[in-house]
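Notes follow the structure.
Please treat every number below as a calculation from the coordinates, not as lab data. From a predicted model like this one, the values you see are computed outputs, not experimental measurements. Reconstructed Cβ throughout: ideal geometry from the backbone, glycine too, with neighbour counts over all protein chains shown.
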Amino acid sequence: MTGFVLPAVAMRPAGGWLSDRIGAVRVLAGALTVVFAGALVQSVTPSPAPTGTVAFLSMATALGAGSGAVFALLAPADQGGSVTGIVGAAGGLGGFLPPLVRGALYGAYGSYATGLVLLGLVAAAALAFTATGVRSAVTRRGRRVVQPRLR
């Protein structure tokens, strides 16, 4: 667990920093693409080493970077505390519910593959929403999708 959590936590600020450089929508879309690919790879690869290790660590770093991008998308300067609370609560549910679902699916089917495929499908749906709805909302708000840093 520590091997998964540490890269995810370390990548949150990196995801926020990268969002400031190339745009939060791009960072979030990239992160969701990595989660989608990692979940599907691991769903057909039962061996944890080396492919499973790479897949899970890639998903962990992508989820961390994606978290940083979400904060960059949602946190206006005057409401940072509220946004932090809501995103934190959503993250708490995201860390609580999927393991229960995967555990129930493992109990029913004797394999984690179904749960990993579902994770991949959720990531694909979130990627589609990010590429369409989130991108257009960001553009409508008058914020450019790519926000270069001016010096």
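Separation between the VAL122 and LEU57 pseudo-spin-labels, each 7 Å from Cα along Cα→Cβ, expressed in nm?
Here the modelled spin labels are 2.4 nm apart.
Name the most mobile residue of LEU97, LEU74, LEU121, meaning the one with the largest mean-square fluctuation, in a Gaussian network model of the chain with Cα contacts below 10 Å.
Evaluated over the chain, the most mobile residue of the options is LEU97.
Based on Cβ point charges of +1 for Lys and Arg and -1 for Asp and Glu, what charge dipole magnitude is obtained for the chain about its Cα centre, in debye rounded to the nearest 20?
That gives a dipole near 600 debye.
Pick from GLY15, GLY120, GLY85: which residue has the top mean-square fluctuation in a GNM of the chain where Cα pairs under 10 Å get a spring?
Top of the fluctuation ranking is GLY85.
If we restrict to alpha carbons, what Rg and Dmax does the chain come to, in Å?
Here Rg and the maximum Cα pair distance are 16.2, 57 Å.
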